[in-house]
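Structure record follows, encoded as structure tokens.
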Number of protein chains: 2
Amino acid sequence: MSARPDDMPNASARLCAQAVKPFPNSKKVFVQGSRPDIQVGMREIKVSDTPTVFGSEKNPSLTVYDTTGPYTDPRASIDLLAGLQPLRAEWIDERGDIKHLTDSGSGSSAVRLAGRSPDTVRFPSNAVIRRARKGANVTQLHYARKGLVTPEMEYVAIRENRRIEELRDAYENGGLLQRHAGEGLGARLPSEVTPEYVRDELAAGRAILPNNVNHPESEPMIIGRNFRVKVNASINYSAVSSSIAEEVEKLVWSLRFGGDTIMDLSTGKNIEETRGRLLRNSPVPIGTVPIYQALEKVNGRAEELSWEVFRETLIEQAEQGVDYFRIHAGMLLRYLPLTAGRVTGISSHGALIMAKWCLAHHEESFLFTHFADICEIMKDYDVAFSLGSGLRAGSIADANDEAWSDELKTLGELTKVAWNHDVQVMIEGPGHLPAHMVKANIENVREACNEAPYCTLEALTTDIAPGYDHITTAIGAAQLGRHGSAMLCSVAPGQQWALPDRDAIREGIVSCRIAAHAADLAKGHPVAQIRDNALSKARFEFRREDQFNISLDPDRARDVHDATEEKDAHKVAHFCSLCGPSFCSMKITQDVRDYAANKGLGDVNEAITKGMEEKAKEFVEQGGEVYSKA
Amino acid sequence: MSARPDDMPNASARLCAQAVKPFPNSKKVFVQGSRPDIQVGMREIKVSDTPTVFGSEKNPSLTVYDTTGPYTDPRASIDLLAGLQPLRAEWIDERGDIKHLTDSGSGSSAVRLAGRSPDTVRFPSNAVIRRARKGANVTQLHYARKGLVTPEMEYVAIRENRRIEELRDAYENGGLLQRHAGEGLGARLPSEVTPEYVRDELAAGRAILPNNVNHPESEPMIIGRNFRVKVNASINYSAVSSSIAEEVEKLVWSLRFGGDTIMDLSTGKNIEETRGRLLRNSPVPIGTVPIYQALEKVNGRAEELSWEVFRETLIEQAEQGVDYFRIHAGMLLRYLPLTAGRVTGISSHGALIMAKWCLAHHEESFLFTHFADICEIMKDYDVAFSLGSGLRAGSIADANDEAWSDELKTLGELTKVAWNHDVQVMIEGPGHLPAHMVKANIENVREACNEAPYCTLEALTTDIAPGYDHITTAIGAAQLGRHGSAMLCSVAPGQQWALPDRDAIREGIVSCRIAAHAADLAKGHPVAQIRDNALSKARFEFRREDQFNISLDPDRARDVHDATEEKDAHKVAHFCSLCGPSFCSMKITQDVRDYAANKGLGDVNEAITKGMEEKAKEFVEQGGEVYSKA
């Protein structure tokens, strides 16, 4: 991995050593689509055969969804200054509805380059800036509604299936196919995700495929309740200058643990430069809260914000390649008094900024009054909306209250406006929420916003465990996912106080990934249970390395195991020897199975009964003092 | 804290420093019942007033449930050799249905003292061994069915209420009373837990009050779905000799983080001595799996087990004071073949021992054939059953299968047998379980076992995250609790591989405690939300110390906060100053509230609207370049 010389020393070495380390016993494989340039990357985990003593069964490799792009592929060469390969560039350009600008149409690059950032943190502007031709609309929603299946949609379809058709026989023979139907959100999930299904879900607004035309490096992914539940990793960057390698490291580290998108919540100086570095090196969509940068432009004085400043910011970010914008356009002036009786008032930072503006001007938010103008910008680049819930609850006490539900209705109206512009929309929520109110929350959102996908954040199910925010959130997020949230935002252990460090990012994302997977199992996603079954089978057959390698975080699994082995070797040894080497769960089950197989009896139950009789005899013959007293 | 000299060096010092440290800004308070010797210990957390700038509101102290007994009370003197005060001794003896034995009725103490343990690990036998007089039945279920309200029941009733009546006005004025009704498991939970309600729940078999007459040191607690959800902490002790202080330290450490009962899963040598030490020093009920010790008596050879060995073990443990026995009596011979097609066979260790016995003898388990004899022993000491689910699922694939549901029916029959002897019963389950199958699982158990309380363990919602078992379990446990599980068993991060160390015990119990509290909120336990509201209010008002002190794990909250502050001071400072000191969530809300109060206007909304107009004017007057460009 190469970077500028001043970046190299420590961060880059760590990045190479940890975040970029290939997963054990895994390789990156590519599944080709209908054309040679559709190459969908996945991770193939090779597993051992069942040990001879247990029957020498051949176990199939496992293909799992991979969010790491080229970073865990030792064959890929990474150049942080040049950025990743623009894999979607050809698909975007061949549609003929895009024009290339040599400079920003709005002059925003020039604005940026004339800005305050010192040269040492500069990141080059995009070589090419793409924008829709006049009168064109370049969103995936627009194409879907016209009935087109884009390469992006096909990519997503292949990615969601994870080679199920190719491997079905092997999975079935290995007993890995799912055994539980799932509850399927009231309707069964499709057993196969076709490109046409992806198109139809997009056209219905039930899913989004966030891929700005200026972020051609990103691998297409889909956010919708009838697909694999996704995880968003929120990261912040320090206001002080950090090296490219350090910034990209946080990104790559997040992807390693399962981040499907990244929310860049950086505040402070140089955020535009940081964002440029991230976008050029990110294989996943990146979202932002543009009002944060707009606020920087007016030196932190919310009352000095204006539509013009905000508009300029949107265009600058759209031209850089940001894939979705979190915009709190539904928070109207008249909703603010509804928060007066709350325990925790308004907790969304973006909403607070706009609340201050509204109070100062006693005017309706320009995010609302200029919403159609915002849509016009979004459709020129295919930026998706993340319609922010400014009035989401900051505590259990405030959950699902009137402030929230009134704002939600406005979000529903705005969703329609966006859809009239063929702009993709997801809805954000719900903040803190007790478990029994999850279903009502989701159903309200679904109804108010016409089934637009729901991206949930800060889903804390209780307020009393600061320092364990990742666990409190995982409990809520799993339920939200089960009932239909399409994407869950990770929360780090000390989220409310601080920007997460590496360890906290890992804890937060893995916890959230567990919740997402638990939701996939509950929904009955057709390939989700295969991984559980493969890992459980490995555990049952004492294939320890396979257990590590199949798990969500192989390094953690191995570390926890090894730390224990060393320290408690005598205890574990004792526990395992409690029944002697010839007696364990696996052995008993295998005895029963072998017996049935060897005798070639049709009725397995009969075989088992016969087997038990023989075994009883055998044990008695081995004799000794049965019923002996101690 | 005093212990034998050879115990003192490190473990004891650590115990004193960490596990026994009083909670910050908290004191142990005692609520007296209908007689002076009913003194129910609780923890009172003192909080600061709302800061002057936000209105100088007086905030009431918070009373929370406390599982630590005397250990966090600096006024208590702890003597590990003498054990805790036998607070229930008088209540037990005054009922006149108990006889005192100077030696074990069964000679089991003699057996123990003649056993293999070296003198260095010996722990003295109970000074007095209690047993029911001939023809008497000393279980709380027996008393309840006779219509008696025992001091134990009254204690529990007071404990569950946590001074709500005394503090109701203060809580209400502080806005701390719950705002959400909860779903109440189909029926509303009682707004006040009376001693008679406790009695009726016990009499119906819907709850148990596990308190062996030989464990008078324990503080009464109740396990039932219409009460606060409880947490069981499973701990193991090493086979090698460890000091009293080390062993008790694990116990006290578990109580500190919210363990309501302790499951002693020790195996190996000296387990009877270890158990004695624990019981004499434990203020919470202790459960065991007696078959583990029985197996030790036959040198680990399962096929040499017998009813006689098992019976002797039960009596020995009952005389020591074990409060509940996990017994896998429902696993019948004919169910074993149903596990042949499973991914993970039989995963319960106790069940494996008996499966081996059954296969060796081709006979029905003596746990089943002698079940009535077991009941006769249990009722003599008031030991409760934890009817083990030997065929619980060890993986997602095996969840809720036929093996499990068939065994469950037998557990239901055994529950009735136990109830015919007035012996208390809880049911154990479910093992790994995907989220959408939780409700069906609980409903099956409730129906099959006539509403006996459900104690859930290993509730992993997916198999793919080894090393994060505490989180995977917390997700499942919260849902189980919400739908009616009365007690949740904690699971440490690396549970499947190893005995947990101190850190792992803490992670496991706190995660489980979070799940239990999330369930209490969902059920609508009348005092649960008070703590959330108090903490959220403290957060909103920047009362940081109060946040720490009210939280489930004050030390962790403080550590996470402080680590962050130091490292990210500039980031946090920046984030907080994003809007300047006069602009934050609290300030805006407070501005609105103050205005309404000062103007003395009846209609708060009108006040708010007026306030916003004035504010807008004020801001404009302060002038400057509104709408200025960056």
Region A:467-541 - Rg over Rh from alpha carbon coordinates, Kirkwood radius:
1.06
Students often check this: by mean Cβ neighbours within 10 Å, which of B:47-56, A:282-291 ranks highest, and how do the rest follow?
A:282-291, B:47-56
Inter-chain Cβ neighbour average for residues A:226-232, partner chain, 10 Å
0
Could you work out the mean count of beta carbons from other protein chains within 10 Å of each residue's beta carbon in A:392-403?
4
If we hang a label 7 Å off Cα along the beta carbon direction at A:Asp373, how far is it from the matching labels on the other copies, in nm, shortest first?
8.8
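So between B:Ala204 and B:Phe542, what do we pick up on full extension, going 0.36 nm a residue minus the alpha carbon distance?
Stretched fully, the B:Ala204-B:Phe542 segment lengthens by 117.0 nm.
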If you put a point 7 Å past Cα along the Cβ direction, how far is that point for B:Ala181 from the same point in each other copy, in nm, smallest first?
3.2
Which value, in square angstrom to the nearest 100, describes the accessible area buried between chains B and A on both sides, using a 1.4 angstrom probe?
11700
At 0.36 nm per residue, minus the direct Cα-Cα distance, what do B:Arg35 and B:Glu165 gain on full extension? Give it in nm, one decimal, please.
44.9 nm
Set B:Lys46/B:Lys250; A:Lys379/A:Lys416; A:Lys439/A:Lys523; B:Lys439/B:Lys523 screened for pairs whose C-alpha atoms are more than 18 Å apart:
B:Lys46/B:Lys250
For region B:346-408, just say rounded, prolate or oblate: build the C-alpha gyration tensor, square-root its eigenvalues into a ≥ b ≥ c, call rounded for a/c under 1.5, and beyond that prolate if a/b exceeds b/c, oblate if not.
oblate
Spin-label point model (7 Å from Cα, Cβ direction): what's the A:Ala563 to B:Gln18 distance in nm?
1.2
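Using a/c under 1.5 as the rounded threshold, could you call region A:129-277 rounded, prolate or oblate? The axes a ≥ b ≥ c are square roots of the C-alpha gyration tensor eigenvalues, and prolate needs a/b larger than b/c, oblate otherwise.
In terms of gyration-tensor shape, oblate.
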Sort B:433-445, B:80-92 by packing, meaning the average of other beta carbons within 10 Å per residue, with the highest value first.
B:433-445, B:80-92
Rg and Dmax of region A:222-304, using alpha carbons, in Å: what are they?
14.0, 43
Quote the accessible area belonging to A:Met378 in square angstrom, nearest 10, computed with a 1.4 Å probe and with ligands, DNA and RNA left uncounted.
0
Gyration tensor (alpha-carbon) shape descriptor, region B:365-502, a/c threshold 1.5:
prolate
What does the highest-first list of A:392-404, B:463-475, B:66-78 look like by mean Cβ count within 10 Å?
B:463-475, A:392-404, B:66-78
How far is B:Val128 from itself in the other copies, in nm, if each label sits 7 Å out from Cα along the Cα-Cβ line, shortest first?
9.1
For B:Leu278, net neighbour charge (Lys/Arg +1, Asp/Glu -1) across residues whose Cβ lies under 13 Å away:
-4
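Summarise the partner chain shielding of A:538-544 as one whole number: the mean count of Cβ atoms from other chains within 10 Å of each residue's Cβ.
Going residue by residue through A:538-544 and averaging, the value is 3.
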Can you give the accessible area of A:Glu303, probe radius 1.4 Å, in Å² rounded to 10?
20
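The values are calculated or read from the model by the stated rules, or taken from the named source; none is laboratory data. Fair warning: this is a prediction, and the values are worked out from it, not measured in the lab. Virtual Cβ from ideal backbone geometry, glycine too; neighbours counted across all protein chains shown. Side chains included, ligands, DNA and RNA excluded: accessible areas come from the protein's heavy atoms. Shrake-Rupley method; radii C 1.70, N 1.55, O 1.52, S 1.80 Å.
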